[in-house]
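Inspection log for the structure reproduced underneath, given as structure tokens.
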Amino acid sequence: MSSGEIECSNTLEDELDQALPSQAFIYRPIRQRVYSLLLENCQDVASTCPAVKEWFVYPGNPLRHPDLVRPLQMTVPGGTPSLRILWLNQEPEIQVRRLDTLLACFNLASSREELQAVESPFQALCCLLIYLFVQVDTLCLEDLHAFIAQALCLQGKSTSQLVNLQPDYINSRAVQLGSLLVRGLTTLVLVNSACGFPWKMSDFMPWNVFDGKLFHQKYLQSEKGYAVEVLLEQNRSRLTKFHNLKAVVCKACMKENRRITGRVHWGSHHAGRWGRQGSGSHRTGSGYSRSGQGQPWRDQGPGSRQYEHDQWRRY
């Protein structure tokens with residue numbers, strides 16, 4: 001960022017699965033708000049802000065030229081604090097402003113109450129899941145079950161158990177969803193650092209909240225319609241936590257007019273992975289859902305595009 005450039009030249013995405021947008025586009029609005037925070041002189045007049053050069057890989061982009069992405073202004077209660085306040089001020093009340101700023105980067109200020117009720121290390125994970133399910137309409141209830149179940153089961157797994165875990169088979173969508181979540185965790189590191197560390201960094205280190213093979217196993221089970229008790233490996237102590245975390249995510253999503261439905265119900269109303277092949281659904285900056293409109297995020301064309309802030313604003 002010191003040179004006005006940021007890069008991410010690797011990803012795990014299935015070009016044949018037209019239902020999931022690229023990671024580069026899903027998390028771009030968050031990065032744009034972080035740019036606004038770091039480029040303090042741009043918070044009032046977005047048109048004068050310099051564009052950040054993004055070298056992010058996605059289908060159709062050969063990375064010959066960067067995407068020129070402008071900062072996106074955000075709304076923080078009490079106004080956006082300066083970096084000096086976020087990074088250097090040690091007053092206890094500033095920690096509240098740090099969290100407000102972090103949630104503003106995700107555009108999830110309305111979810112503050114729900115997230116505060118979540119215990120560590122699942123608070124940051126729930127924030128990320130809420131953002132993903134609001135942004136990507138083709139994620140369904142079975143996906144949410146798999147994400148939460150693996151996070152809970154991970155707490156009781158030893159390293160040797162995880163190493164020896166072998167999924168029945170490899171599902172490309174499960175791989176892409178796992179990669180999408182890990183990319184979200186790295187995005188959380190960026191946001192948390194920029195906001196002065198309102199959350200402990202350990203709360204979203206992958207080894208505390210996510211394991212790829214364990215998620216793959218839970219995804220395959222959830223996809224087949226296994227009961228929640230099976231996903232949680234018949235551990236009753238996890239059942240209450242599971243339903244609490246699920247309720248937090250679903251309630252927060254409902255505040256954003258996003259109802260998470262099961263695959264059977266969802267498939268008849270959405271074009272995507274479980275419906276008409278070749279279409280997808282992704283909430284863009286205006287809140288408009290692209291379900292059934294093809295894959296605009298996969299047809300952006302290579303490099304040298306300028307992205308104005310309004311293009312990605314959900315409201």
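Does at least one position in region 242-251 carry a residue that is small (Gly, Ala, Ser) and either more than 20 Å from the chain's Cα centre (by Cα) or at pLDDT below 95 (or both)?
The answer is no, given that none of the residues of region 242-251 is small (Gly, Ala, Ser) and either more than 20 Å from the chain's Cα centre (by Cα) or at pLDDT below 95 (or both).
Consider only pairs whose beta carbons are under 9 Å apart and that are at least six residues apart or on different chains; among these, list those whose first residue lies in region 182-200 and is free of Cβ contacts under 8 Å to residues at least 24 places away in the same chain and aliphatic (A, V, I, L, M) and whose second residue is surrounded by fewer than 21 Cβ atoms within 10 Å (Cβ to Cβ) and assigned to a helix (DSSP H, G or I).
VAL189/MET201
Restricting attention to region 73-94, does a residue exist that is touching a residue at least 24 places away in the same chain (Cβ under 8 Å), hydroxyl-bearing (Ser, Thr, Tyr) and surrounded by fewer than 16 Cβ atoms within 10 Å (Cβ to Cβ)?
yes
Please enumerate the residues belonging to region 152-181 that are surrounded by fewer than 17 Cβ atoms within 10 Å (Cβ to Cβ) and either within 23 Å of LEU39 (Cβ to Cβ) or of a type in the set (Val, Ile, Thr) (or both).
THR159, VAL163, ILE170
Take region 224-237 and flag every residue that is part of a helix (DSSP H, G or I) and at pLDDT below 95.
Scanning region 224-237 gives ARG236, SER237.
Regarding CYS126, is this residue on the phi < 0 side of the Ramachandran plot, at pLDDT 95 or above and out of contact with any His (no Cβ under 9 Å at 6 or more places or on another chain)?
Spelling it out, CYS126 is indeed on the phi < 0 side of the Ramachandran plot, at pLDDT 95 or above and out of contact with any His (no Cβ under 9 Å at 6 or more places or on another chain).
Going through LEU190, LEU177, LEU185 one at a time, which residue ends up being in contact with an Asp or Glu (Cβ under 9 Å, 6 or more places away or on another chain) and more than 19 Å from ASN235 (Cα to Cα)?
Exactly one of LEU190, LEU177, LEU185 is in contact with an Asp or Glu (Cβ under 9 Å, 6 or more places away or on another chain) and more than 19 Å from ASN235 (Cα to Cα), namely LEU177.
The values are calculated or read from the model by the stated rules, or taken from the named source; none is laboratory data. Bear in mind that the values here come from a model prediction, so they are computed numbers and not experimental data. Positions of Cβ are backbone-derived with ideal geometry, glycine not excepted, and every protein chain shown enters the neighbour counts.
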